[in-house]
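As structure tokens, the structure follows; a few thoughts come after it.
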Amino acid sequence: MNKTKNYLYNIIYRISICVLPLVVTPYITRVLGIENNGLYAFSSSIACYFIMFAKLGIENYGNRTIASCISGQRARNKLFWSIYAMQLLTGFISMSIYILLVVTVFRDNLMLYAIQGIYVLSSFFDVSWFFFGIEDFRYTAYRSVAARVMIIVGVFAFVRDSNDLNMYTLVMSAAFLIEQLLLIPKLIKTVSWEKVGWEDIAVHFKPNLALFLPLLALSIFNWMDKLMIGLLSNNKEVAYYNYGDSIINLPKGIITAIGTVMLPRVAGMAARGDLINYKKELKSSSKLVCMICCALGFGIAGIAPVFVPFFLGPGYEPTVDITVWLAAVMVPLCFIDIIQTQYLIPFNKEKDYTMSLVLGALVNLVLNIIFIPRYASLGAVAGTLGAEITVFIYQLISARKVYGVRDVLNSILPFVPCGILEFTVVRYIAGMSFSVLIILILQVLAGGAMYLICCVPVYYKEIKVYINRKNS
């Protein structure tokens, strides 16, 4: 399957994760209320930590290891079963600790956290890393869409008022479990059983842990903010931040999709020592990531004052500023994804990868402690922005031999003016005297068109080559 199809399937996969649940968001924000939404986000963050401990660093390690296996089908089968056996072992340990925590610490909301346990259980069956490693993105995309459709149907069918928080949690957790189970039939057809011993399993722990440490640090960016807001502020502020973060997850998901598609391809090039084609792929994907990053980042920042109140309903006005400032995180984030998925991970630079994220996590933690008590959810945004900039600077220094400051500037600078122009057009339309829905449609169409027109000179050579090929 070629790179373009892989990218499109992974875009479908990432968009289904980010977009389809947003279909129910306007309903949930109004039905459950701010307090319940904050409580759900807090409990879900707890569950996410145990899923992370269950899988360790297996998403990147399993993907890279399977992609790098060039010894034939039988060797790949054995490799899969040895990695998966480790996943089952760590999953069992994590699930046991989660149950203990629920019955001792979270007894006041015992049913809620018990239902979140289904979400933790789903980590036992997540073998998407294998399909990413063999560059089969189609099936993972389809099953993700199917699971998110189940969420939409389940929410509208069973969640009716503010007393249905546990039902909402059950719908979400059950859908995540089913999503992983849908991979099993395809896995059975793809992988044959190979007996593995303890020595086959044990060999994966050390390199997997090397990727788990940065994942642990990365979790501070993803979930620790919500936990610290809940601990240092209140559930309402958790809800404000959670929905701002959910809106920004769409462009994050699209950028991550490129990295996920490129990782097995680049890992294969690294294994073969094909550095010439590697550098071509790095420059090409870097330019594409920056184009998408600027389009979405400036666009979301521009549309937020109109979109957020319309989408979430009354009471969520603080989410507007959170969304605007989180959009600024897109710039360092796009380069972080480029460097870590296309250089640090495939070239086994786990030490640099880990150090960058540990430093970022420490910056995030310190800034959260300083700013959340004073500025609540906006304080967490300051922590996130400071952390992402720290990670970007460290990783850029680490990758300077293959991807330096000049490459960064060449990738991003052509698209910044396009993004500023898009932002200006979108904000100008916001002042027009039309209905909110009409304004939103005009903002998306006009802002998007202006950005694409502005990008034509940047891609002029590529467009000219494509037209000449079509005419020849």
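The values are calculated or read from the model by the stated rules, or taken from the named source; none is laboratory data. Since the model is a prediction, treat every value here as computed from it, not as a measurement. Quick reminder, even Gly has a Cβ in these numbers, built from the backbone with ideal geometry, and neighbours come from all protein chains shown. Note: areas computed on protein heavy atoms with side chains; ligands, DNA, RNA excluded. Shrake-Rupley method; radii C 1.70, N 1.55, O 1.52, S 1.80 Å.
Note on segment 342-370: among residues that are assigned to a helix (DSSP H, G or I) and among the β-branched types (V, I, T), the one that is modelled with the lowest pLDDT is T354.
Residue pairs whose Cβ atoms lie under 6 Å apart, sitting 6 or more positions apart in sequence or on different chains, and linking a residue in segment 408-432 that is more than 28 Å from I338 (Cβ to Cβ) and basic (K, R) to a partner that is in a helix (DSSP H, G or I) and open to solvent by less than 70 Å² (accessible area, probe 1.4 Å), are R427/G302. Return the residue satisfying two criteria in turn: it lies in segment 398-423 and is polar (S, T, N, Q) and closer than 30 Å to A304 by Cβ, and of such residues it is most open to solvent (accessible area, probe 1.4 Å). The extreme case among them is N410. As a summary of the residue check, S433 satisfies the conditions (1) among the small types (G, A, S); (2) open to solvent by 80 Å² or more (accessible area, probe 1.4 Å); (3) touching a Lys or Arg at 6+ places or on another chain (Cβ under 9 Å) except for the one numbered (3). Mind listing whichever residues of segment 44-72 are at pLDDT 80 or above and farther than 19 Å from E350 by Cβ? Passing the criteria: S44, S45, I46, A47, C48, Y49, F50, I51, A54.
All of I393, I389 fail the test of being in contact with a Pro (Cβ under 7 Å, 6 or more places away or on another chain) and free of Cβ contacts under 8 Å to residues at least 60 places away in the same chain, apart from I389.
Going by the structure shown, is I339 open to solvent by 20 Å² or more (accessible area, probe 1.4 Å), part of a helix (DSSP H, G or I) and touching a helix residue (DSSP H, G or I) at 6+ places or on another chain (Cβ under 7 Å)? Criteria not met by I339. Can you tell me which residue is nearest to L177 (Cα to Cα) among those in segment 124-136 that are within 16 Å of the chain's Cα centre (by Cα) and either among the aliphatic types (A, V, I, L, M) or at pLDDT below 85 (or both)? Top of the filtered list is W129. Screening the candidates L312, L357, L344 for the property of being buried (at least 18 other Cβ atoms within 10 Å of the Cβ), farther than 30 Å from G447 by Cα, in contact with a Pro (Cβ under 8 Å, 6 or more places away or on another chain) and not polar (S, T, N, Q) yields one hit, L357.
Output yes when any residue across segment 159-167 is under 22 Å from I66 (Cα atoms) and at pLDDT 90 or above, and no when none is. Looking through segment 159-167, none of the residues is under 22 Å from I66 (Cα atoms) and at pLDDT 90 or above. For segment 180-193, the criterion of a residue being more than 29 Å from the chain's Cα centre (by Cα) and within 20 Å of A75 (Cα to Cα) is satisfied by at least one position. Pairing residues of segment 113-131 that are under 19 Å from Y49 (Cβ atoms) and open to solvent by less than 10 Å² (accessible area, probe 1.4 Å) with residues that are of a type in the set (A, V, I, L, M, F, W, C) and not in a helix (DSSP H, G or I), at Cβ distances under 7 Å and at least 6 apart in sequence or on separate chains, gives Y113/F106. Taking segment 436-472 as the range and being of a type in the set (A, V, I, L, M, F, W, C), open to solvent by less than 60 Å² (accessible area, probe 1.4 Å) and modelled with pLDDT under 85 as the test, only V458 passes. Set side by side, the residues N77, N63 differ, and just one is buried (at least 20 other Cβ atoms within 10 Å of the Cβ) and assigned to a helix (DSSP H, G or I), which is N63.
When the helices (runs of 4 or more DSSP H) confined to segment 151-236 are screened for residues that are surrounded by 15 or more Cβ atoms within 10 Å (Cβ to Cβ), those reaching at least 3 such residues are found at 165-181, 183-190, 205-219, 225-232. Among the residues in segment 262-283, are any modelled with pLDDT of 75 or more, of a type in the set (D, E, K, R) and closer than 30 Å to R30 by Cβ? The answer is no, given that none of the residues of segment 262-283 is modelled with pLDDT of 75 or more, of a type in the set (D, E, K, R) and closer than 30 Å to R30 by Cβ. Assessment of segment 22-32 against the conditions (modelled with pLDDT under 85, more than 28 Å from Y84 (Cβ to Cβ) and either touching a Lys or Arg at 6+ places or on another chain (Cβ under 9 Å) or open to solvent by 20 Å² or more (accessible area, probe 1.4 Å) (or both)) yields at least one matching residue. Determine, yes or no, whether E317 is surrounded by fewer than 19 Cβ atoms within 10 Å (Cβ to Cβ) and either at pLDDT below 85 or touching an Asp or Glu at 6+ places or on another chain (Cβ under 7 Å) (or both). No: the conditions fail for E317. If you go through segment 382-428 and pick out every residue that is among the basic types (K, R) and in a loop (DSSP other than H, G, I, E, B), you end up with 2.
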